1. Convert each backbone phi in the range 12-20 into a coupling constant with the Karplus relation 6.51 cos²θ - 1.76 cosθ + 1.60 (shift: θ = phi - 60°), then list the ³J(HN,Hα) values in order as whole Hz, x for Gly and Pro.
2. Working out 0.36 nm times the residue gap between residue 37 and residue 15, then minus their Cα-Cα distance, what length gain in nm do you get to one decimal?
3. Spelling out what I want: for every residue of the range 36-44, take phi, set θ = phi - 60°, compute 6.51 cos²θ - 1.76 cosθ + 1.60 (Karplus), and round to whole Hz; glycine and proline get x.
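Computed from the coordinates by the stated procedures, all read-outs in this text should not be read as laboratory data. Since we're looking at a predicted model, the values are computed, not measured.
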Amino acid sequence: MHTPKRGSTSEMQVTSIRLEAEFKERSREISGEQGYQTLVQDVLWRFVKTSIIN
């Protein structure tokens with residue numbers, strides 16, 4: 001899964017969410033070199049973009 005360039009981490013806000021251990025483990029397995037946090041961010045962005053009502 002490719003995540004488009006969105007800006008540096010210094011432009012992001014730190015947040016905390018609770019994830020089930022299995023979800024985090026499986027996300028790490030499928031994320032490869034990009035890392036699970038980038039994968040989760042990409043999934044959330046896709047959801048937000050498809051949920052916007054114009």
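1. Ordered by residue, 3J(HN,Hα) equals 9, 9, 6, 9, 10, 10, 9, 10, 4 Hz.
2. On the way: separation 22, 0.36 × 22 = 7.92 nm, distance 1.15 nm.
Value of the extension gain: 6.8 nm.
3. Once θ is set to phi - 60°, the couplings for the range 36-44 become 5, 5, 5, 4, 4, 4, 4, 4, 5 Hz.
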